[in-house]
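Chemist: Pasting a structure below so you can have a look.
The values are calculated or read from the model by the stated rules, or taken from the named source; none is laboratory data. Here the structure is a predicted model, which means the values were calculated and not measured. Neighbour counts are summed over all protein chains in view; Cβ atoms, including those assigned to glycine, are modelled from backbone coordinates with ideal geometry.
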Ligand code: AMP
């Protein structure tokens, strides 16, 4: 009987070689760029109580209704996190971060997220995000800073061609979003039959979602509907003007898009999305917005906040389309030990070389001098150290410089690491 090979689950994947390096690059750039804006890294669990997401994301969203991985391992009901914000806010409240020091808390995160969506290009069931949350300020300058930081992040990776879509969906008061929702319903009601089935479902539960329906027929109808950013209450209108003016002052381009409402329930006021043409149908590379109501929804004091989440796989697609490779570290030195004694000595010598911060490798397969030289060459070593019988007898090692016309010279063993450092330095 042959054993069937076990493969990765559909919608998940392995990252190695070029893609592995790009995934790491997406994380290291997040640390560098978000760090410049004074964000601190936060790690939260990959699974949380299901209620956190049901309340935090909104019961009537696609994610909560059908896309979550939910388990009942005992008496608890747990869910693999479909996004990062709910967990960060839970941690923020649980650890009383709002009572510590500054009134504004800036946190960033990176890691896998899980959604049971239909897999396609740029859409997986386990995917990765880097994201930030700025909790504790309603200042629209902060919204602008967050939008600008996302643009800064893509630029730091060398990704050109990012488009920023911007909208304001107002606050949840009678004179703002509530009035807008009613106005939308009034306009849609007489023509509701012309909208697709999903939109008809959304009409009562979440009418704003009709605005971002992907159905071409609905899209045409949506164009004629009242626009949220033209129906704002005065404070929201003023804040939105500040966001737009600040981005303009910073020299950043954006497009107003009245159909942008974002998928999750918790957004208010500023919402934005970054898109890239290399992504095809799933062209959103990242997105975010203000969520002034979420912290109270999760049992905390009313606290304004703004954040974004950027899709790492989509960053990787853009990097690939633009032919941007992540830097990989090659080998700097290769130590060849021949025979049993040479092999043992190589292990000792390589430790001294690595202690100087040099990337060094040796052979672990008992292969010949010729074949080890070939490996050293192939892996780009700039210096090769040879411990053969003669060298060992004299307490020496031959150090060979691998560049064209590079020479070779025997050194007493204790002097070899410094000689290598000179070659690779
Ligand atoms: P969202 O919070 O749903 O807007 O997600 C933020 C970003 O994460 C999106 O703009 C995408 O770049 C990325 N993203 C969301 N869902 C997926 C998925 N299933 N597979 C890959 N990337 C995703």
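Chemist: Determine which single condition residue 152 fails, assuming it passes every other condition in (1) surrounded by 20 or more Cβ atoms within 10 Å (Cβ to Cβ); (2) modelled with pLDDT of 95 or more.
Modeler: (1)
Chemist: Also: If the Cβ limit is 9 Å and pairs must be 6+ apart or interchain, which residue in the stretch 265-284 that is over 14 Å from residue 122 (Cα atoms) pairs with which residue that is in a helix (DSSP H, G or I) and near the ligand (Cβ under 10 Å from one of its atoms)?
Modeler: Taking only residues 6 or more apart or on different chains, the pairs are 265/57; 266/57; 266/85.
Chemist: Which of the strands (runs of 3 or more DSSP E) contained wholly in the stretch 355-412 include at least 2 residues that are touching a strand residue (DSSP E or B) at 6+ places or on another chain (Cβ under 6 Å) and within 15 Å of residue 337 (Cβ to Cβ)? Break it down stepwise before answering.
Modeler: Details: elements: 360-362, 383-387, 396-401, 408-412.
Ranges flagged: 360-362, 383-387, 396-401.
Let's see how each residue does on (1) away from the ligand (no atom under 16 Å from the Cβ); (2) over 30 Å from residue 103 (Cα atoms):
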residue: 298; (1), (2): yes, no
residue: 303; (1), (2): yes, no
residue: 320; (1), (2): no, yes
residue: 333; (1), (2): yes, yes
residue: 337; (1), (2): yes, yes
residue: 346; (1), (2): yes, yes
residue: 357; (1), (2): yes, yes
residue: 366; (1), (2): yes, yes
residue: 382; (1), (2): yes, yes
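Chemist: For the stretch 392-412, give me the residue count where each residue is touching a residue at least 40 places away in the same chain (Cβ under 8 Å) and either out of contact with any helix residue (DSSP H, G or I) (no Cβ under 8 Å at 6 or more places or on another chain) or surrounded by 19 or more Cβ atoms within 10 Å (Cβ to Cβ) (or both).
Modeler: Looking only at that region, the number is 1.
Chemist: Out of all the residues in the stretch 102-117, which are assigned to a loop (DSSP other than H, G, I, E, B), more than 8 Å from the ligand (Cβ to nearest atom) and under 22 Å from residue 78 (Cα atoms)?
Modeler: Residue satisfying the conditions is 116 alone.
Chemist: All but one of (1) more than 25 Å from the chain's Cα centre (by Cα); (2) within 14 Å of residue 146 (Cβ to Cβ) hold for residue 258; state the number of the condition that does not hold.
Modeler: (2)
Chemist: Next question, about the same structure. Step by step: first the residues of the stretch 39-55, then only those that are part of a helix (DSSP H, G or I) and free of Cβ contacts under 8 Å to residues at least 40 places away in the same chain, then the one that is surrounded by the most Cβ atoms within 10 Å (Cβ to Cβ). Which residue is that?
Modeler: If we take residues in the stretch 39-55 being part of a helix (DSSP H, G or I) and free of Cβ contacts under 8 Å to residues at least 40 places away in the same chain, then 53 is surrounded by the most Cβ atoms within 10 Å (Cβ to Cβ).
Chemist: Across the stretch 118-136, which residue is nearest to residue 64 (Cα to Cα) among those that are in a loop (DSSP other than H, G, I, E, B), within 9 Å of the ligand (Cβ to nearest atom) and in contact with a strand residue (DSSP E or B) (Cβ under 8 Å, 6 or more places away or on another chain)?
Modeler: 125
Chemist: Looking at 210, 188 in this structure, which one is more than 29 Å from residue 280 (Cβ to Cβ) and free of Cβ contacts under 8 Å to residues at least 60 places away in the same chain?
Modeler: Unique residue meeting the criteria: 188.
Chemist: Between 311, 289, which is within 16 Å of the ligand (Cβ to nearest atom), farther than 26 Å from residue 19 by Cα and buried (at least 23 other Cβ atoms within 10 Å of the Cβ)?
Modeler: 289
Chemist: If I ask for residues that are surrounded by 14 or more Cβ atoms within 10 Å (Cβ to Cβ) and outside any helix (DSSP H, G or I), which ones from the stretch 17-38 would you list?
Modeler: 37
Chemist: Exactly one of these conditions fails for residue 158: (1) more than 16 Å from the ligand (Cβ to nearest atom); (2) modelled with pLDDT of 95 or more; (3) farther than 21 Å from residue 35 by Cβ. Give me its number.
Modeler: Only one criterion is unmet by residue 158, namely (3).
Chemist: Name the single residue, out of those in the stretch 258-281 being within 14 Å of the ligand (Cβ to nearest atom) and modelled with pLDDT of 95 or more, that is surrounded by the fewest Cβ atoms within 10 Å (Cβ to Cβ).
Modeler: It comes out as 275.
Chemist: Can you confirm whether the stretch 85-93 contains a residue that is farther than 24 Å from residue 321 by Cα, under 14 Å from the mean Cα position of the chain (by Cα) and either more than 14 Å from the ligand (Cβ to nearest atom) or modelled with pLDDT of 95 or more (or both)?
Modeler: yes
Chemist: Looking at 193, 172, 139, which is the one that is free of Cβ contacts under 8 Å to residues at least 12 places away in the same chain, more than 16 Å from the ligand (Cβ to nearest atom) and within 30 Å of residue 96 (Cβ to Cβ)?
Modeler: 139
For every residue, the table says whether it meets (1) surrounded by 22 or more Cβ atoms within 10 Å (Cβ to Cβ); (2) touching a residue at least 60 places away in the same chain (Cβ under 8 Å).
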| position | (1), (2) |
| --- | --- |
| 315 | yes, yes |
| 321 | no, no |
| 326 | no, yes |
| 331 | no, no |
| 335 | yes, no |
| 351 | no, no |
| 364 | no, no |
